[in-house]
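**Q** Quick one: the structure is below, and I'll ask about it shortly.
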Amino acid sequence: MADGSPEDTMRGRGSDSRVRLWVLIDANRWTLAGVLAALLFAVLVAAGASSASTLRAVMRSANATKYTFSSLVTALITGVTLVVTINQLVLSAELGPVGDQRSRMRNSMTFRADTDDIVGETSPTEPSAFLGALVDASRERAETLRSRVDDAGDPDLRDAVDSYTEGLIDHAETVSDQLEDSEFGSYDVVQAALNYNYNWKIFRVRQIRRQHRDDLSSDEREAFDDLVQVLTMFGPAREHFKTLYFRWELVNLSRAIIYASLPALAVSLAVVLYLAPSSFPGATLGVDNIVWFVSAAATLSALPFLVLVGYVLRIATIAKRTLAVGPFVLRESERSGEDE
C-alpha cells in the first residue's frame, strides 16, 4: 500500500500468483489430487502414444509393466502404513494422564477468562465466533483510541492514529464477516484468521505510541495499551486454532490415504496378476487400448501419493506463513518509519 502498511489479505501480502496460491492452500485437496492425477494420466498416455516401441512389445520382451506395478504394490503398503503411523504419533499428543489433561483444562479456562474480560461478555465456544469476538473487540478499542486522540494538540499524532485506526477498523469488519460464515474444519476459518495481520498491527500501534510518548495523556496511554492487549490475545488464540486445524487435517489425511489406497492396491494387484500382452486389443483415438488401461492403472496407483502431496502442501504453507508469534513479520515489507 501507499502508506507502507501491508495488504489486508494473505494473498495480497505475498508474492505468489493466484494459481500458485490455489494449488498451495485454496483448492480442495481432493480436487487438487484429481487435477494432478489428470496431468499424470495425460503425460503417460502421450508418452505411450509417441513411443517408438509399442507397450505390448515391451511387455512381451521384458515384462516391465508387471515389475513396475509390483514395486507400486510394495510402495503402497509401506508408504500408507508409514504415513498413518506418523500421523497417529502426532495425534497421540492428545493422550495423557489425568494430571496433564487437568493442566490443559486449567490453562484453557484461564485464557477464556482473560478473553471474557477483554470482550466484556462470555466468549463464544465456536472457534470462528471466538476469533470474531476478538476481532470485534480490536475494532471497538481502535474506535476508542481514535476518539480519545481526536482532541490531541499534536496534529502528527492525530494523523497517524486516524490513518492506523481507519485501516484496522475496515480490516476488522472484513475479517469479522469472513469468520461469521465459516465453520471449523474447513480452511475458511484459518484463512480469515491469517488475513488478520495482528503482528503488524501490534508493531505499528506500539511504534506510534513510542514516537509520541511525550505528548500522550493518561487516557490516551490507556487506550493504546487496551488496543495492544486485545491484539496480543488474538495471537495465541489464532495459533491454538491453527494447531487444532492441523490435527484435524492430519486425521483427514489418514482417512483420505486409506480410502485412496484400497482401489490403488486392488488395481496394482490386478495388473500384476492378470494383465497380459494380449489384453485389451484394438485402439481408441489412435492409441492402443492397453496404453489407456496401463496409464489409468498407474495413475490410480499413484493417487495416495498425490493426496499426500496436496495435504502436505497446504499444511507446510500455512506453517511457513505463521512461524512467528507476536510483532514479528518474516517477510520483506515496507515500513512506515523507524522508532525514534
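The values are calculated or read from the model by the stated rules, or taken from the named source; none is laboratory data. Remember, predicted model here, so these are calculated numbers, not experimental data. Here the Cβ is made from the backbone with ideal geometry for all residues, glycine too, and neighbour counts use every protein chain on show.
**Q** Filter the stretch 87-107 down to the residues that are outside any loop (DSSP other than H, G, I, E, B), free of Cβ contacts under 8 Å to residues at least 12 places away in the same chain and touching a helix residue (DSSP H, G or I) at 6+ places or on another chain (Cβ under 9 Å) and list them by number.
**A** ALA93, the sole residue that qualifies.
**Q** Within 25 Å of the chain's Cα centre (by Cα), at pLDDT 90 or above and over 25 Å from PRO304 (Cβ atoms): is that true of LEU131 in this structure? Spell out the reasoning first.
**A** Details: within 25 Å of the chain's Cα centre (by Cα): yes; at pLDDT 90 or above: yes; over 25 Å from PRO304 (Cβ atoms): yes.
Yes, satisfied.
**Q** Moving to a separate point now. Looking at the stretch 111-122, can you tell me whether even one residue there is at negative phi, free of Cβ contacts under 8 Å to residues at least 24 places away in the same chain and assigned to a loop (DSSP other than H, G, I, E, B)?
**A** yes
**Q** Which ones in the stretch 254-265 are in contact with a helix residue (DSSP H, G or I) (Cβ under 9 Å, 6 or more places away or on another chain) and either of a type in the set (Gly, Ala, Ser) or surrounded by fewer than 21 Cβ atoms within 10 Å (Cβ to Cβ) (or both)?
**A** From the stretch 254-265, those in contact with a helix residue (DSSP H, G or I) (Cβ under 9 Å, 6 or more places away or on another chain) are 254, 256-261, 263-265; that's our starting set.
SER254, ALA256, ILE258, TYR259, ALA260, SER261, PRO263, ALA264, LEU265 - these are the residues of the stretch 254-265 that are in contact with a helix residue (DSSP H, G or I) (Cβ under 9 Å, 6 or more places away or on another chain) and either of a type in the set (Gly, Ala, Ser) or surrounded by fewer than 21 Cβ atoms within 10 Å (Cβ to Cβ) (or both).
**Q** Quick check, is ILE315 more than 19 Å from VAL43 (Cα to Cα), at pLDDT 85 or above and surrounded by 13 or more Cβ atoms within 10 Å (Cβ to Cβ)? If you could, list the steps in order and put the result at the bottom.
**A** Working: more than 19 Å from VAL43 (Cα to Cα): yes; at pLDDT 85 or above: yes; surrounded by 13 or more Cβ atoms within 10 Å (Cβ to Cβ): yes.
Spelling it out, ILE315 is indeed more than 19 Å from VAL43 (Cα to Cα), at pLDDT 85 or above and surrounded by 13 or more Cβ atoms within 10 Å (Cβ to Cβ).
**Q** Tell me the residue from THR85, THR54, THR31, THR68 that is exposed (fewer than 15 other Cβ atoms within 10 Å of the Cβ), at pLDDT 85 or above, out of contact with any Lys or Arg (no Cβ under 6 Å at 6 or more places or on another chain) and of a type in the set (Ser, Thr, Tyr), please. Steps first, please.
**A** Working: THR85 fails: at pLDDT 85 or above; THR54 fails: at pLDDT 85 or above; THR68 fails: exposed (fewer than 15 other Cβ atoms within 10 Å of the Cβ).
So the residue among THR85, THR54, THR31, THR68 that is exposed (fewer than 15 other Cβ atoms within 10 Å of the Cβ), at pLDDT 85 or above, out of contact with any Lys or Arg (no Cβ under 6 Å at 6 or more places or on another chain) and of a type in the set (Ser, Thr, Tyr) is THR31.
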